[in-house]
């Protein structure tokens, strides 16, 4: 595990209004007044969605909003070559997180860890480690809020996504038109706050259908590089050129993304977006 600086604020996240409302409702979830009221500590969130839609940023925002330390867990480094060492590491990780509570434990790309359970070359080590982790998720009483992110829901066993493991499972899909406008506004405000009215944000939003938030951020950076290379301010036209030069993940990975969106529409998860 490593300490992370929660350098993102709620204002840095465009869209995802349902997630924001859920977060705001639990601002005092770890306070003494919540305990006196009879509320248990929240267990955690599972954020599933398309790459680049803000899952990692959301984990940092939770820590910033709730003013709690953020620990990032690299699940892959829990596994060791010696018999029993992996299980010992996961128990030590749990002890460390509980000793530092209240805190946020961010497990990034947890689906990659579960992918190991589909192979049989480790004598069941992966299954035992994950079973220990899942049991702790369901039974823990200490104020360790687990934020797990995943891109591929097919690698996650059904027992992980059932009620009781996490307080909520949010799906972060590709941003809607309104959300793309909000994302453009966030990044343009950060880079050129005094020139925001020179950009045609509704037009840019229309041109970036099926683009993720990360791809929109990259587009603005590319436009800035174009302007900088010509020793002038970057313009709306520069952003349009960057859009035309970018092939979004929704096109290169269309099959996988459609499967993920179909799963989200099955009603097993809550959409992080309101639209």
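The values are calculated or read from the model by the stated rules, or taken from the named source; none is laboratory data. This is a predicted model, so every value here is computed, not measured. Virtual Cβ from ideal backbone geometry, glycine too; neighbours counted across all protein chains shown.
For residue 96, which of the numbered conditions (1) touching a helix residue (DSSP H, G or I) at 6+ places or on another chain (Cβ under 6 Å); (2) modelled with pLDDT of 90 or more; (3) assigned to a helix (DSSP H, G or I) fails to hold?
(1)
Sort out for me the helices (runs of 4 or more DSSP H) sitting completely within region 102-218 that have 2 or more residues that are buried (at least 17 other Cβ atoms within 10 Å of the Cβ) and touching a helix residue (DSSP H, G or I) at 6+ places or on another chain (Cβ under 8 Å). Before the answer, list the steps.
Values: elements: 110-115, 125-139, 158-161, 177-191, 201-207.
Passing ranges, in order: 110-115, 125-139, 177-191, 201-207.
Only residues in region 67-90 that are on the phi < 0 side of the Ramachandran plot and assigned by TED's automatic domain parsing to the domain that holds residue 6 count as the first member; pair them with residues that are surrounded by fewer than 12 Cβ atoms within 10 Å (Cβ to Cβ) and modelled with pLDDT of 80 or more, Cβ under 8 angstrom, at least 6 apart or cross-chain, and list the lot.
Within 8 Å, the pairs are 69/3; 70/3; 70/5; 71/2; 71/3; 72/2; 72/3; 74/2.
Go through region 14-44 and give me each residue that's outside any loop (DSSP other than H, G, I, E, B) and in contact with a helix residue (DSSP H, G or I) (Cβ under 9 Å, 6 or more places away or on another chain). Spell out the reasoning first.
Taking region 14-44 first, the residues outside any loop (DSSP other than H, G, I, E, B) are 17-25, 32-37, 44.
Residues satisfying the conditions are 17, 19, 20, 23, 24, 44.
Return the pairs, sorted by first residue and then second, in which the second residue is in a strand (DSSP E or B), the first residue lies in region 32-48 and is over 18 Å from residue 63 (Cα atoms), the beta carbons are less than 7 Å apart, and the residues are 6+ apart or on different chains.
Correct list of pairs: 48/150; 48/169; 48/171.
Name the single residue, out of those in region 249-268 being closer than 17 Å to residue 175 by Cβ and part of a loop (DSSP other than H, G, I, E, B), that is modelled with the lowest pLDDT.
Our first condition is that a residue be closer than 17 Å to residue 175 by Cβ; within region 249-268, this holds for 249-251, 253-254, 257-258, 260-261, 264-265.
From what is left, the residues that are part of a loop (DSSP other than H, G, I, E, B) are 253, 265.
Numbers: 253: 86, 265: 83.
Per the stated criteria, the residue is 265.
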